[in-house]
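The values are calculated or read from the model by the stated rules, or taken from the named source; none is laboratory data. The structure displayed is predicted, hence computed values, not measured ones. Here the Cβ is made from the backbone with ideal geometry for all residues, glycine too, and neighbour counts use every protein chain on show. The accessibility values were calculated without ligands, DNA or RNA, using every heavy atom of the protein model including side chains. Shrake-Rupley method; radii C 1.70, N 1.55, O 1.52, S 1.80 Å.
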Amino acid sequence: MYLKLAYRNVRRSVRDYSVYFATLAFAACLLYSFTASTEYLLALDLTSDQRGFYESASMVMEAFSVFTVLVFAFLISYASKFILRRRSQEFGMYGLLGMPPTVMGRILAYEGCLVGVFALVCGVGLGVLLSPAFGAVAAFVFQVPWRLALVFSGKAAMWTCGCFAAIMALATWRGVRAMKKRTLGQLLEARRAPKEPRRRGLFSPALQLVAGVLILLLIYGMCLFSPVNFIMGILPLGVLAVFATGMIFRFAALRWPQWARKRPERYFRGLRFFEMRQVENQVGLSANAMACTCVLLACGMCMMVAGLAFSVGMRQPGMGAAAEALASIGFVGLFYGVTFLVAAAAVLALQQLADAADGVGRYRLLRQLGCSDGQLKGAVRGQVGVYFVAPMAFALVHAVFGFALIGFLAFVLGSAHYAVITGAVVAVTLALMAVYYVITCRESQRILLEQGADAAAA
């Protein structure tokens, strides 16, 4: 009975669940593709030396696969928060009708399982269908003939199912636990009530800024002057970079409106004051997501630059053995770099869509005060733009130091066209972020403006 009700709920709320489903399917597809990357290479006509070089890099692949699981756990966590907030009002109605919290938690878990299983099947199937494209990347990097072939890896599918099930179980448990803690009033008002801001920390924003800058200077110094230690400790240093970047974002978001208020002729132009207030209110909730996105963007750009520099850039006369030795690094860099870029943009989009429900009441009030649709759409574009532009700009700052290290290694190894490769990667990243920005703006406008107009009419 409850399973049937959960199935009907998913069908009825297909528009809300579409974002959730797309995120889960995307995560499943790339988790499978990471693990099956070896199979793509085995399907090609590699020489024994090329296979040996790739096998020597298998430990690097395994390390990055663990990091990838953590990245997508973070992504699925945001998707789960999004769907919980969208579904809270309906579960509040169930509570008013007398349904106990344990049953509501069971229905929510069933809904998550139904969507998760379907997304897993579709994600792995999509990974199999895209295997010729991934094989084309491998053939391009290793300079071997490419042939059309669908590749299925049972081992990769089992690993993906296990990781996906563990991540989904944790996300579902947290969602059920969060719903049980809420009162009926909180469930019914979940879409309209703003989230509780997190504590800003034990230290003042100025001290957090100083700490963040010092940590980043330490990381930048290791990257430039102690590259071996930097590469060995890249995972913990990446975590430190996230925390440091988050502290800087938190300081900037708190101080930026204060500085803007000193110029009232600009601050009160249009709905700019409203946009800044929105950013200021959300800083405690979004700083960590923006910081994580920023570091992922920087890592993705650096990995793509390294992948191209150590594959395409090595295709020079007399570089045969060296090019083959570095081809595995090029494959890892391209494969994971693109994924990190897409994952980072997806995190930003999900975070904005999850927060869009908070602003429906505020945008409805602005409409009642006489603001035009053009002004409201401009406010949405400005608010979403801050969350895309700030991480991208700071990611370029991070990436500059990574580009310097990779450029030095490329120069030593004799790689060519490094400046062209770097410019192309940055251009592709900016284009990807622009596409996600447009999609997020349109969906946020649908949530904020259409629902606000319907509620005002009612």
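Note on region 106-127: among residues that are more than 22 Å from residue 178 (Cβ to Cβ) and touching a Ser or Thr at 6+ places or on another chain (Cβ under 7 Å), the one that is modelled with the lowest pLDDT is 127. Looking at 100, 132, just one residue is open to solvent by less than 30 Å² (accessible area, probe 1.4 Å), free of Cβ contacts under 8 Å to residues at least 40 places away in the same chain and not acidic (Asp, Glu), and that residue is 132.
Residue by residue, here is whether (1) in a helix (DSSP H, G or I); (2) touching a Phe, Trp or Tyr at 6+ places or on another chain (Cβ under 9 Å); (3) closer than 24 Å to residue 377 by Cβ holds:
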{"site": "228", "(1), (2), (3)": "yes, no, no"}
{"site": "237", "(1), (2), (3)": "yes, yes, no"}
{"site": "273", "(1), (2), (3)": "yes, yes, yes"}
{"site": "276", "(1), (2), (3)": "yes, yes, yes"}
{"site": "294", "(1), (2), (3)": "yes, yes, no"}
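Scanning region 13-41 for residues that are open to solvent by 60 Å² or more (accessible area, probe 1.4 Å) and modelled with pLDDT under 70 yields 14, 15. Taken over region 252-261, residues that are within 24 Å of the chain's Cα centre (by Cα) and either on the phi > 0 side of the Ramachandran plot or open to solvent by 30 Å² or more (accessible area, probe 1.4 Å) (or both) amount to 1. Among residues belonging to region 189-224 that are crowded, with 16+ Cβ neighbours inside 10 Å, at pLDDT 70 or above and among the aliphatic types (A, V, I, L, M), point out the one that is farthest from residue 243 (Cα to Cα). This residue is 222.
Between 407, 385, 402, 423, the distinction of being surrounded by fewer than 19 Cβ atoms within 10 Å (Cβ to Cβ), closer than 30 Å to residue 329 by Cβ and either at pLDDT below 80 or in contact with a helix residue (DSSP H, G or I) (Cβ under 8 Å, 6 or more places away or on another chain) (or both) belongs to 407 only. Summed over region 225-235, the residues that are of a type in the set (Val, Ile, Thr) and either at pLDDT 90 or above or open to solvent by less than 80 Å² (accessible area, probe 1.4 Å) (or both) give a count of 1. Among the residues of region 248-262, write down those that are farther than 14 Å from residue 394 by Cβ and among the aliphatic types (A, V, I, L, M). 254, 260, listed by residue number. Has region 343-358 got any residue that is without any contact (Cβ under 8 Å) to a residue 40 or more places away in the chain and either among the charged types (D, E, K, R) or assigned by the TED database to the domain that holds residue 442 (or both)? No; the residues of region 343-358 include none that is without any contact (Cβ under 8 Å) to a residue 40 or more places away in the chain and either among the charged types (D, E, K, R) or assigned by the TED database to the domain that holds residue 442 (or both). Taken together, 307, 238, 330, 318 contain a single residue that is at pLDDT 75 or above, farther than 30 Å from residue 359 by Cβ and surrounded by fewer than 24 Cβ atoms within 10 Å (Cβ to Cβ), which is 238. Taken over region 163-188, the criterion of being aromatic (Phe, Trp, Tyr) and open to solvent by less than 30 Å² (accessible area, probe 1.4 Å) is satisfied by 164 alone.
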